Amino acid sequence: MDAYNIISQLKTMFRLQARVERYETLKAIHECELEAGKQVGEHVFKMIGHFANMERLGFPCSQELAIDIILHSLHGGFKTFRLNFHMNGVEKSLAELHGMLITAKQNIQVEPKKEVLMVQKGKGFKKAGTGKKKQQKGKQVVLSKASNKPKAVAKPKVAVNNKCFYWDKIGHWKRNFPQVLE
C-alpha cells in the first residue's frame, strides 16, 4: 500500500473516535459555567483549552464565537462587564479578554446572602415532651408545665362609677372615653 491509502485507511479507522472526542469537547464547552466565588482565570484557560482541542480535531471556532461563548459562560456578576464589552465593540484576543476579566473580577462585589425572617401570628410553637415525667405503677404520666401554673384572671375594666383622678367627677370615664370600656 502507498502512503495515501494508509492515511485514508487510518482516517476511516479513527474517524469514529475523533467524532466522539469532538462531541465530548463540544459538550464540555457548552456545560462550562463559572460559579460565583471561583477564579475567572482558571475558567478562561479551561475554555481556551477546549477551543484548542476543537481546532486540533479540525473544527476551529472563530475568535468572535469563542469570546461570545466565554462571555456567556460567566455568572451574573459579570453582567455589567458583558454590557460594556458589547456596547464598546471591543475587538480583543482571548488572551486580552482573559486579562480584562481578571481586572473586572476585582471590581465585582460578592452579594451577601439575603436572610428572611419569618413571623407567625398566633401563639407560636409548643414543644412536645417538655413536661415532667412521673412513674405510676409501670405507667408514665406526663405533667405539663402549663398545668402547674395558675390560670390568669381577666383584668377588670375601668370602674365606671368611681371618681376620675383628673376631673374629680364620678362616671367621667364613661361619658368622655367610651372606647376604653369596650
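The values are calculated or read from the model by the stated rules, or taken from the named source; none is laboratory data. In this text the structure is predicted, and so the values were computed from the model without any measurement. As a convention, Cβ positions derive from the backbone with ideal geometry for all residues, glycine included, and neighbour counts pool all protein chains shown.
For region 66-99, the candidate set comprises residues that are of a type in the set (A, V, I, L, M, F, W, C), touching a helix residue (DSSP H, G or I) at 6+ places or on another chain (Cβ under 9 Å) and surrounded by fewer than 16 Cβ atoms within 10 Å (Cβ to Cβ); within that set, the residue that is farthest from Glu31 (Cα to Cα) is Val90.
A residue that is modelled with pLDDT of 85 or more and either on the phi > 0 side of the Ramachandran plot or β-branched (Val, Ile, Thr) (or both) cannot be found anywhere in region 81-100.
Residue-by-condition table, conditions (1) assigned to a loop (DSSP other than H, G, I, E, B); (2) among the small types (Gly, Ala, Ser); (3) surrounded by fewer than 11 Cβ atoms within 10 Å (Cβ to Cβ):
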residue	(1), (2), (3)
Thr12	no, no, yes
Arg15	no, no, yes
Arg22	no, no, no
Lys27	no, no, no
Gly37	yes, yes, yes
Gly41	no, yes, no
Val44	no, no, no
Gly49	no, yes, no
Phe59	yes, no, no
